[in-house]
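The values are calculated or read from the model by the stated rules, or taken from the named source; none is laboratory data. Note that the coordinates shown come from a computational prediction; the quantities given were computed from them, not determined experimentally. Cβ sites come from the backbone with ideal geometry, for glycine too, and all protein chains shown count toward neighbours. Calculation scope for accessible area: heavy atoms of the full protein, side chains included, ligands and nucleic acids excluded. Shrake-Rupley method; radii C 1.70, N 1.55, O 1.52, S 1.80 Å.
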Amino acid sequence: MTTKTSPRFTGKRNRLDKPELLAPAGNLEKLKFAVHYGADAVYIGGQKYGLRSNADNFTFAEMKEGVEFAERYGAKVFVATNIYAHNEDIGGLEEYLRELEAAGIAAIIAADPIIIETAQRVAPKLEVHLSTQQSTLNWQAVQFWKDEGLPRVVLGRETSLEEISQIKAHVDIEIEAFIHGAMCSSFSGRCVLSNHFTDRDSNRGGCCQSCRWKYDIYEDDLQMVGPEADKFTMGSKDLCMIEHIPDLIEVGVDSFKIEGRMKSLHYVATVVNAYRQAIDSYMSDPDHYELKQVWLDDIQKAANRPVNTGFFYDTPGPEDHIYGPEDKAAPYDFAGVVISYDEATGLAVVQQRNHFKPGQEVEFFGPNGTFFKQSVGSITDESGNALDAARHPLQHIVLKTEHPVKPMDMMRKRVR
């Protein structure tokens, strides 16, 4: 019989002077942009034990590079190890966790008790944050995990603000909550539709997002309802709490988590940028905080689906699900990223990410609300050859900008 050791964490640690903004990063480039645009921490996936097997995911060498980059900004890197493990998944777990610790990873996000216990035993420098996959919704459950030595719990998406208030009143622990991104139609990802339909295990990283498929609806007599074009899905609208930053802060959420390791570089930078500005604005002067329309507009430029406030204020109803054809995606394309800028000439080198051409209106934006619109003038390649369009992926394009820009600023265009 083993003797249970006392928890490594017995009270609230020193925290940031404002809530942590936690961003997704599906690859090393997204990690760097998330941090550059204002994330206090990023969460990534490794080659094993994560729930996004279709993301690029990180090698240990990439993790080390990501940690070094993040540390220059005072940011941290977390790794999702949040599968529910089968027997065959356990081999190599100890070695994997030790490698994460050696790479400088600050914490893992885990749900399976064997992964949690193993990390505490073999990689004690790794913090263990409880994954939302555990669907933790009440303060007694949060107290249980604190007693097990965990400093942070990622609550289930089904938790309301009132329930978070009760949890914070009873348990001195860090609370992380999703505040933006896709909502799972099951209990925080614990779904087996994908397993049955495609033999891809949702709880081991293989979810095929069956709830987003289009389905025919039949009456009892097997007659199809509605025209062929009006196929239905079971998907929820996306979560968006940009309008409710004061409520999240005042209720005591310690970490604001953005969903989307599979989302685009433009999505990550845009969403992080908007929430960074909102959080900083509120924390600098709560009594005079004002929600800015530009933040809402930017969020919509990166939105993939209609949005709502999830379970924070009320139980979602039929209006919070996508039963018919989805609204079109955001009418903006990520057109390019600034590589360099010459102050003397006003010329910028932009790496092309989507087709653009002279005469089109584009928007440049960067961290901390940097933003301006302009029409694209003449463009050349780096050798000075005139171009009628930027049509080659990742080609370096030279163009004049109406205002100074910096490396890692981004350019987008409206889709007509």
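A few comments on the model shown:
- Extension reserve of the GLU319-ILE217 stretch, reckoned as 0.36 nm per residue once the Cα distance is removed: 34.9 nm
- Among complete DSSP H helices in the chain, those whose alpha-carbon atoms stretch at least 15 Å along the helix's long axis and whose mean Kyte-Doolittle hydropathy reaches 0.0 are 265-284.
- Model label points for ARG391 and GLU250, set 7 angstrom from Cα along the Cα-to-Cβ axis, are 5.6 nm apart.
- Ligands, DNA and RNA are left out, and with a 1.4 angstrom probe the accessible area of the chain is 47 Å² per residue.
- When the chain is treated as a Gaussian network with alpha carbon springs shorter than 10 Å, the biggest mean-square fluctuation among GLY74, GLY252, GLY366 belongs to GLY74.
- The portion of the accessible surface of the chain made up by carbon and sulfur, rounded to a whole percent, is 50 (1.4 Å probe; DNA, RNA and ligands excluded).
- Calculated FRET value between MET283 and SER186, using beta carbons and R₀ = 25 Å, to 0.05: 0.10
- Helical mean residue ellipticity (222 nm; -39500 (n - 2.57) per DSSP H run of 4+; nearest 500) of the chain: -7500 deg cm²/dmol
- For ASN308, the residues 5 or more places off, or on other chains, whose built amide H falls under 5 Å of its own are ASP238, LEU239, CYS240.
- Correct option for Rg and Dmax of the Cα atoms in Å [calculated from the coordinates] among [x] 23.2, 73; [y] 22.7, 77; [z] 21.7, 74: [y]
- Across the stretch 41-159, the fraction of Cα-Cα pairs farther apart than 22 Å, rounded to a whole number, is 31%.
- Amide hydrogen neighbours beyond the local backbone of TYR43, cut-off 5 Å, H modeled: ALA23, ALA25, PHE78
- Remark: the stretch 390-402, residue by residue, has Karplus-estimated 3J(HN,Hα) of 9, 10, 9, x, 6, 5, 8, 10, 9, 8, 8, 10, 6 Hz, where x stands for each Gly or Pro and the curve is 6.51 cos²θ - 1.76 cosθ + 1.60 at θ = phi - 60°.
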